[in-house]
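What follows is a short report on a single structure.
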Amino acid sequence: MPAVAAYREHFARGGNSPEAAFELARILESRGQIQEAKEFYTRALLAKTQCFTSHCHSSYVNMFSECGQFAEAKKLIEDVRGRSDTAKYFMAKEF
């Protein structure tokens, strides 16, 4: 079974794995399915595991940048930076 179909089945059966959501978002992004990728990046971010969330945020910002949606990328970076003192330099190079 192809990966996308397996991930879709996982969610259709009520699965809520943030890792599966993240991987599906990355696949959808690579296929240019940006709106759907946004949905699954958001699902992954709801997990709120700090290390995983940071990695997911970075990928999400990069997706916006690569699609020319710089205002969305900037908004997301600013949102992450506003969450804590340790996050205030999040993606400083990209910002």
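Results, tabulated for the structure shown:
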read-out	value
Choice from F22, F40, F11 with maximal GNM fluctuation in the chain (Cα, 10 Å cutoff)	F11
Efficiency of FRET between A6 and R83 - r from beta-carbon atoms, R0 41 angstrom, step 0.05	0.80
Residue of L45, L76, L24 that the Gaussian network model of the chain assigns the largest fluctuation, springs spanning Cα pairs under 10 Å	L76
Top positive-direction residue, dipole computed over the chain with Cβ charges, set H55, A3, F90	F90
Likely footprinting exposure, R31, R43, fewest C-beta neighbours within 10 Å first	R31, R43
Reachable aspartates and glutamates, given that their alpha-carbon falls under 14 Å from the alpha-carbon of K88 and they are not under 8 places away in the same chain	E78, D79
Cα convex hull volume per residue for the chain (Å³)	89
Proximal aspartates and glutamates to K75, defined as alpha-carbon separation beneath 13 angstrom and excluding residues fewer than eight positions away on the same chain	E94
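Rule-based calculations on the coordinates, nothing more; no lab input. Nothing here was measured: the structure is a model prediction, and the numbers come from that model. With ideal geometry, Cβ positions are generated from the backbone for all residues, glycine too; neighbour counts draw on all protein chains shown.
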